[in-house]
Structures are given as structure tokens and as C-alpha cells.
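The structure appears below as C-alpha cells.
The values are calculated or read from the model by the stated rules, or taken from the named source; none is laboratory data. Just so you know, these numbers come straight off a predicted model, no measurement behind them. Don't worry about glycine lacking a Cβ; one is built from the backbone with ideal geometry, like all the others, and counts go over all protein chains shown. Accessible surface is based on the protein model in full, side chains and every heavy atom, while ligands, DNA and RNA are left aside. Shrake-Rupley method; radii C 1.70, N 1.55, O 1.52, S 1.80 Å.
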Amino acid sequence: MKFFIDTANIEEIREINSWGVLSGVTTNPTLIAKSGGVFEDVIKEITEIVDGDISAEVISTDLDGMLKEARELAKISKNIVIKIPMIEEGLKAVSILSKEGIRTNVTLVFSLSQAVLAANAGATFVSPFMGRLDDIGMSGIQLVEEISKVFKNYNYESKIIAASIRHITHVELVAKSGADIATIPYKIFKEMVKHNLTDSGLKKFLEDFKSVKTKEK
Ligand code: G3P
């Protein structure tokens, strides 16, 4: 399973990228607004940090607007993936962009039907939102598992990005589901590294080594 980071914060991206674990970055209009930067500049800077798939979202909801934004964003770098909302005009845009060789990530996916429609339109990635489904009393992981199964059954090429991840258990369930990618917030990456037994074990090793004789350097 590959990891993307779900943020537009440059420092967070730099830090997690330095671990050598990132295959991409996903942003959305909310995350870009939080970053406080100029949209195109933030996206360009991200492409210069992470050598992977960088999702930038359109804000138009009509076909012509989406296509215009997508084509402009795609010029920033070959690594750009255009995030398109799961609406009727969005499907049309995905279909046209895929024929132009522009990669897409269909976002705000909340059902298996939506995921299959996006795959048939030619989406490179589909992004089911786990946390937001859990929030309304449904199961985010159940949706990810269902999409995973159906995409395998029919050999769809679209990759699944499990998004709206809220805790480590989500990440681990996604890994077991067979989904391709989890896009993870910075805070959860930091939690994933930690284990009390790692910390106490390291402390003991370092204490015990104080009594060991070593060669002078
Ligand atoms: O980037 C899309 C998705 O990951 C958003 O997550 O936490 O706002 O539901 P969240």
C-alpha cells in the first residue's frame, strides 16, 4: 500500500517526505485555504518537494470551467493529478481529460455506484471519503472494501485512494482491504511512528550500553 499525505502545508510535506515514505500528496480547496498561500504557487512548490502524484482540485462545477482549470493546472508539472468532484459534469470532464492524457482523481466518492461510474469514465484515481461516512453512522471501510473487490473483479485500472482518514485504525483497515493508497493527514503520520514499547525499549538499550566498553575513536 502506498502513502500520500493529505495536506497543503509545505513544512508538513517536507517533514514526512524526508522519511522516504511518500508516494504523493492530495490537496483540496479547504487545505489550500488553510495553507494561506497562492494556489498555483503552493501546488508548484509541492511538486518540487515530492516526486509522486500531486492532486490539485478544480473549483468550477461546469464542464468548460473544469476543463479550463484542469488544463492550466496540468501544465505545472507532469506529476499533477486533477481532482474532479463526483458530479455529472465531473464525469464528462474526467472522460475528456483521460483521452487527453491528463490524469484525474475523482473526489467526494461516498458510494460504490459513484466509484464504478468514475472508473468507467476513465478516472486514474477514485477517492472514497471514509471519515465523513463514519460521521453519518455509515462504514467508510466497508465502502473501501466493496470498491476494492469490484475493481479487482472487473480489472478496472483506476486506483483507490482511501481519503478522509481520521485515525491509525483507518490506515490499518485500508491496508487489509487491498486498496492501493491511503492519503493520510500529518498528525496521523506522527502517531503511526510511535509505540510505547519502542520508546521504553530504546531507553533501556541506551541505558544498558552506558556500561559497555568501546574502542576509542
Ligand atoms: O482530501 C480529501 C479528504 O481526505 C478530506 O478529509 O477529514 O476533511 O473529511 P476530511
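Mind telling me which of the residues Ser18, Ser23, Ser55 ends up being among the small types (Gly, Ala, Ser), away from the ligand (no atom under 14 Å from the Cβ) and under 16 Å from the mean Cα position of the chain (by Cα)? Let's see the steps before the verdict.
Numbers: Ser18 fails: under 16 Å from the mean Cα position of the chain (by Cα); Ser55 fails: away from the ligand (no atom under 14 Å from the Cβ).
The unique qualifying residue is Ser23.
Any chance you could count how many residues in region 166-179 are within 12 Å of the ligand (Cβ to nearest atom) and either aromatic (Phe, Trp, Tyr) or open to solvent by 10 Å² or more (accessible area, probe 1.4 Å) (or both)?
2
Can you confirm whether Leu63 is among the hydrophobic types (A, V, I, L, M, F, W, C), surrounded by fewer than 18 Cβ atoms within 10 Å (Cβ to Cβ) and touching a Lys or Arg at 6+ places or on another chain (Cβ under 9 Å)? Talk me through it step by step, then tell me what you get.
Working: among the hydrophobic types (A, V, I, L, M, F, W, C): yes; surrounded by fewer than 18 Cβ atoms within 10 Å (Cβ to Cβ): yes; touching a Lys or Arg at 6+ places or on another chain (Cβ under 9 Å): yes.
Yes.
Give region 115-141 a look and list any residue that's part of a helix (DSSP H, G or I) and either more than 14 Å from the ligand (Cβ to nearest atom) or surrounded by 23 or more Cβ atoms within 10 Å (Cβ to Cβ) (or both), or say none.
So the first thing to find is which residues in region 115-141 are part of a helix (DSSP H, G or I), and the list is 115-121, 130-135, 140-141.
The answer is Ala115, Val116, Leu117, Ala118, Ala119, Asn120, Ala121, Met130, Gly140, Ile141.
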